[in-house]
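Quick note: the coordinates plus some simple rules give every number you see, no bench work behind them. Since this is a predicted model, take the numbers as computed values, not measurements. Positions of Cβ are backbone-derived with ideal geometry, glycine not excepted, and every protein chain shown enters the neighbour counts.
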């Protein structure tokens, strides 16, 4: 399933929603999110934004995007991107 | 066997962090706890006893872990304890509301030769979320006892210990449904197993060690390398040939989890999630989503103009004009240069800029609402799909989206792109994203030039910039920056009602930033423009600025901008985009705010020239702050010059084309 997920990412470049990936895999968004976190752990993906606020934003190049100023709600809950080429 | 002689059993409590494992431990052991550190580690070790009738249950609270893959010290401690100490039973506590994330640890535990009981905790939380978990179905599917719990309310803990005792007494009856390995890797696993047979240091189970080797577990690999160096050489060769085995093994576990969840969990069919799904069918659709985005942008402009125009008029007539009149009276006795500087320069320039504060307040409030309800994430997604479809780099959308706020963080945001070519491309494109300062200038000038058609013109200008960005992106991407693309995945927030405090804070911070700029850069610039407009002889038409403006006259005339003051106003935006308004206010000799300025501008320019002016304003070189960041991020004067040159050329061509085309259709 992980290999298939990476294959989908490789074939459909650009931004995709967790929900779309779940539909493509016949799975649930929660399970796909868990798999994405696993792929981060193994170095296939990198997490580039998630809920953050306050001073964390000062040193983040994406500061203001996911939590502009003192926004309490992030623009997106999590954003992952490909870290190393998919074999 | 008498009751007193029943042997004590050891239970290891495992689970991910924050699933209520410690609550279970504390509820069961009470004061019968021993707290120390794991041998040689700084991680806390908690053990305790639970006495029930004739049985002593020794409980060991293992550190919270996501898996047994030795990714962290906690995971190493947990798995070493289970393997070396061999408890009678492992109780894995899972969060019933997040089974997909929790069952991975269960899948790994089942690979060890020990009985496992699953404590399905937080049943109340799951029920509250409308998630219905069927413990009996899960138990039948797993092939392992499953006990529903609400540990915080001491519910189900007795049953949990009962189940642990049962499997501890009859371990031979424990026959779980373990995740399977894919057929293509089964022979490899068997080969590894055969190679290490009889050489695995006890008490590590050989089949588990073989599986971990195939998964690429570095700690187990180091152990085998040391214990069986000859076998390791062969194993290592096999592993090198099957580096992707981890994906298959872990993937198999996720498939197994999917089956368990599908069997045992019933999700809500109505409510927020379904509403989000329904709304997203439109909001994230490639075409409908884009149409919705354009419609929302049009609505934002319409709402901004409708609500803000009366406020701008009031601010102009009720505050700025009386202030200028009062200053005239107060400064009547002062030298002409001083009253001119304050009344025509500062009040005429910075004062005019201040009149569009209501436009910004309403614009930011509407944007804040869109963000807070969760729509902007969809807008970013739709934009990215659209841009990607046109051939742009997938990763670039984040920094480009930042550009709608300000181009400076947009350029800095390109740091997320490791590939230099992709970074350069995004840096070159970022200034074409209309920042709030550019939008504010358009929001002020469009009604002055086009009256009731202002919203449509403004919408067209934003759409034009985005199209230009896409076009330039395609050209540069295909000709200069051809390179590999990559994937991006977003987890969208649910739609929800906007929070007034959050929106208020957003508006307040942006308004404050604008007022700071108006009170510093724009005041200084207004004074400078005024000085240059009166030197050397006091006549604006023979001033230093007029000389500069006339020098640019031939370029301006190609776009219908026959008045040199318009070219100076354009140039002034290099310091800060809002300076265009300040410069126009001073150069057109008005301290009467928008009404006066609007009338004079409308009389000076034809609609075709006015549209060309706005197009150039939207595509002109970025402000000096953005330029400085471009230099910093590219570390190259050459690329900074390329950015300036490219935008100058683009804005000139766009301005001339707009003027000529508008002229052709009779504007």
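For chain B, just run the numbers: alpha carbon Rg, then divide by 2.2 N^0.38 Å, N being how many residues it has. The partial results should precede the final answer.
On the way: Rg = 35.0 Å, N = 667, 2.2 N^0.38 = 26.0 Å.
Dividing the Cα radius of gyration by 2.2 N^0.38 Å gives 1.35.
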TODO: May I ask for the angle, rounded to the nearest 10°, between helix B:99-109 and the longest principal axis of chain B, with both axes built from Cα atoms and the value confined to 0 to 90°?
DONE: 40
Task: Computed Rg/Rh of region B:61-182, alpha carbon atoms with Kirkwood Rh - done: 0.95
Open item on the list: Modelling each spin label as a point 7 Å along the Cα-to-Cβ direction, I'd like the residue B:336/residue B:474 distance in nm, to one decimal.
Closed with: 5.8
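Of all alpha-carbon pairs in region B:1-139, indicate the percentage at a distance above 24 angstrom.
Working: 3097 of 9591 pairs.
Counting every Cα pair in region B:1-139, those more than 24 Å apart make up 32 percent.
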TODO: For region B:123-198, calculate the relative contact order in percent as a whole number, restricting contacts to Cα pairs under 8 Å that are 6 or more residues apart.
DONE: 24
Task: Extension reserve of the residue B:238-residue B:326 stretch, reckoned as 0.36 nm per residue once the Cα distance is removed - done: 22.9 nm
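Roughly what % of DSSP beta bridges within the protein assembly as shown run antiparallel, to the nearest 5? Write out the running numbers ahead of the final one.
Values: 24 of 47 bridges.
Close to 50 percent.
Determine the percent antiparallel among the DSSP beta bridges restricted to chain B, to the nearest 5.
Restricted to chain B, the bridges split so that about 45 percent are antiparallel.
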Task: Relative contact order (%) - criterion: Cα under 8 Å, at least six apart; region: region B:137-295 - done: 22
Open item on the list: Counting other beta carbons within 10 Å of each residue's own, what order do B:38, B:551, B:232 fall into, fewest first?
Closed with: B:551, B:38, B:232
Task: Computed FRET value (nearest 0.05) for residue B:551 with residue B:175, which takes r as the C-beta separation and R₀ as 60 Å - done: 0.10
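Rounded, prolate or oblate: which fits region B:517-667, taking a ≥ b ≥ c as square roots of the Cα gyration tensor eigenvalues, rounded meaning a/c under 1.5, else prolate when a/b beats b/c? Write down the numbers at each step before the final one.
On the way: a/c = 1.74, a/b = 1.11, b/c = 1.57.
It is oblate, given that a/c is not under 1.5 and a/b is not larger than b/c.
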- [ ] Alpha carbons only, please: Rg and Dmax for region B:35-78, in angstrom.
- [x] 12.9, 40
Open item on the list: How would B:667, B:256, B:637, B:530 line up from fewest to most surrounding beta-carbon atoms within 10 angstrom?
Closed with: B:637, B:667, B:256, B:530
Task: Linear extension gain, residue B:49 paired with residue B:299, 0.36 nm per residue minus alpha-carbon span - done: 83.4 nm
TODO: Treating the angle as unsigned and between 0 and 90°, give the value, to the nearest 10°, between the Cα long axis of helix B:420-429 and the longest Cα principal axis of chain B.
DONE: 40
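With the cut-off at 1.5 for a/c, could you classify region B:145-290 from its C-alpha gyration tensor as rounded, prolate or oblate? Intermediate values should be presented prior to the final figure.
On the way: a/c = 3.18, a/b = 1.38, b/c = 2.31.
It comes out oblate by the Cα gyration axes.
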Task: Computed label-point distance, nm, for sites residue B:267 and residue B:508 using a 7 Å Cα→Cβ extension - done: 3.8
Open item on the list: Nearest 10 degrees is fine. How inclined is helix B:157-169 to the longest principal axis of chain B, computing both from alpha carbons?
Closed with: 50
Open item on the list: Defining a contact as two alpha carbons under 8 Å apart and six or more residues distant in sequence, what relative contact order in percent does chain B show?
Closed with: 11
- [ ] Show that you can apply the helix-only estimate: for chain B, add -39,500 (n - 2.57) for every DSSP H stretch of four or more residues, divide by all residues, and state [θ] at 222 nm to the nearest 500.
- [x] -19000 deg cm²/dmol
Task: Theoretical FRET efficiency, 1/(1+(r/R0)^6), r = Cβ-Cβ of residue B:456 and residue B:558, R0 25 Å, to 0.05 - done: 0.45
- [ ] Determine the gain in length on full extension of the stretch residue B:496-residue B:222; use 0.36 nm per residue of separation and subtract their C-alpha separation, reporting nm with one decimal.
- [x] 93.6 nm
Task: Ordering of B:649-660, B:286-297 by burial proxy (mean other Cβ atoms within 10 Å per residue, highest first) - done: B:649-660, B:286-297
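What FRET efficiency comes out for residue B:313 versus residue A:10 if R0 is 45 angstrom and r is the Cβ-Cβ distance? Round to the nearest 0.05. Display every interim value, and only then the final one.
Values: r = 57 Å, r/R0 = 1.26.
Result of the calculation: an efficiency of 0.20.
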Open item on the list: Considering only C-alpha atoms, what is the centroid distance from region B:425-476 to region B:202-254, in Å?
Closed with: 57
Task: Distance in nm between pseudo-label sites at residue B:667 and residue B:420 (7 Å out along the Cβ direction from Cα) - done: 4.2
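Could you list B:478, B:550 in order of exposure, starting from the residue whose Cβ has the fewest other Cβ atoms within 10 Å? Kindly include the intermediate steps, with their values, before the conclusion.
Values: B:478 10, B:550 14.
If I rank by nearby Cβ atoms, fewest first, I get B:478, B:550.
Starting from the Cα gyration tensor of region B:51-112, take the square roots of the eigenvalues, sort them a ≥ b ≥ c, and report rounded, prolate or oblate (rounded when a/c is under 1.5, otherwise prolate if a/b is larger than b/c, else oblate). Walk me through the intermediate numbers first.
Details: a/c = 2.16, a/b = 1.35, b/c = 1.60.
Oblate, since a/c reaches 1.5 and b/c is not below a/b.
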Task: the protein assembly as shown, Rg to Rh (Cα coordinates; Rh as Kirkwood inverse mean 1/r) - done: 1.11
